[in-house]
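Just below is one structure, and these are the notes that go with it.
The values are calculated or read from the model by the stated rules, or taken from the named source; none is laboratory data. Just so it is clear, the model here is predicted, and its values are computed rather than measured. So basically every Cβ, Gly included, is an ideal-geometry build from the backbone, and we count neighbours across all protein chains shown. Please note that ligands, DNA and RNA were not included when accessible areas were found on the heavy atoms of the full protein model with its side chains. Shrake-Rupley method; radii C 1.70, N 1.55, O 1.52, S 1.80 Å.
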Amino acid sequence: MSRIGNMPITVPAGVTVSIGSNNEVTVKGPKGELVQTLPADIMIEQNGDTIDVKRPSDDKKHKSLHGLTRSLLNNMVVGASEGFKKELQINGVGYRAQKQGKKLVMNLGYSHQVEMEEIDGITIDVPQPTQIIISGPDKQKVGQFAAEVREKRPPEPYKGKGIKYIDERIIRKEGKTGSKK
């Protein structure tokens, strides 16, 4: 029995959900419009301001798709109404970031500056030189772009220098000690 799949999704005011043929779901809200084709086996029923996701049988495939479909649909509704954001923090002497137009320009200790172009549906904000906020309506795009930014200089365990998520904890290692004779 899927606990997540059985929970109804409440659609907030200002968000419209339309379910097309072959389970193509369109969600429109104040933060944007999201379109996704969900698995055709799973039944999606809209009753007023709630959406129920049901599976046709207790087959293993249907059980696994039940919770997934409900989570994807819920993320679309939350993204269209509130949006998602990831915050990154830059640690290290001389490491900093700035926004130039639609580009994120970072100095990360390399001989060159690292530039990343803002993609569709994603907004980058740099309130401080050591903080990057990535936001947008699509949870997958926000997470993927944040992971790509972090990948440019992941945090290292000895001094903790690099780009990390704001809530990430770096497990520190002890450095080498001199040999004793």
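Observations on the model:
- Measuring r between the beta carbons of V105 and E168 and using R0 = 25 Å, the FRET efficiency lands at 0.65.
- Over the chain, accessible surface divided per residue gives 62 Å², non-protein components excluded, 1.4 Å probe.
- Charge dipole of the range 22-161 about the Cα centre (unit charges at C-beta), most positive-ward option of L34, N74, L88: L88
- As computed over the range 1-103, the Cα convex hull volume per residue (Å³): 151 Å³
- Put a plus charge on the Cβ of each Lys and Arg, a minus charge on the Cβ of each Asp and Glu, and nothing anywhere else: the dipole of the range 57-141 about its Cα centre is then about 180 debye.
- Applying Stokes-Einstein at 37 °C and 0.692 mPa s to the Kirkwood radius of the range 1-55, computed over alpha-carbon pairs, gives a translational diffusion coefficient of 275 µm² s⁻¹.
- Most mobile of K103, K141, K85 in a GNM of the chain (Cα contacts under 10 Å): K103
- Portion, in percent, of the accessible area of the range 1-152 that falls on carbon or sulfur, probe 1.4 Å: 47 percent
- Between Q98 and M43, full extension at 0.36 nm per residue minus the direct alpha carbon distance yields a gain of 15.2 nm.
- Taking the Cα centre of the range 1-153 as reference, the dipole from Cβ charges on Lys and Arg (+1) and Asp and Glu (-1) amounts to some 460 debye.
- The chain: angle of helix 139-151 to the longest principal axis, Cα-based, in degrees nearest 10: 10 degrees
- Whichever lysines have a C-alpha closer than 27 Å to that of K86, once near sequence neighbours (fewer than 8 apart) are set aside: K28, K31, K99, K102, K103, K139, K141, K152, K159, K161, K164, K173
- The chain - mean residue ellipticity at 222 nm from DSSP helices (-39,500 (n - 2.57) per run, n ≥ 4, rounded to 500): -7000 deg cm²/dmol
- For the range 56-181: rounded, prolate or oblate by the Cα gyration tensor [a/c cutoff 1.5]: oblate
- For the range 71-122, alpha-carbon Rg relative to the globular expectation (2.2 N^0.38 Å, N residues): 1.55
- Three-way shape call for the range 44-93 based on the alpha-carbon gyration tensor, with the a/c threshold at 1.5: oblate
- Here the label points at K60 and T26, each 7 Å from Cα along the C-beta direction, are separated by 3.8 nm in the simple model.
- Charged-residue dipole, Cβ positions (Lys, Arg, Asp, Glu), the range 110-155 about Cα centre, Debye nearest 20: 240 debye
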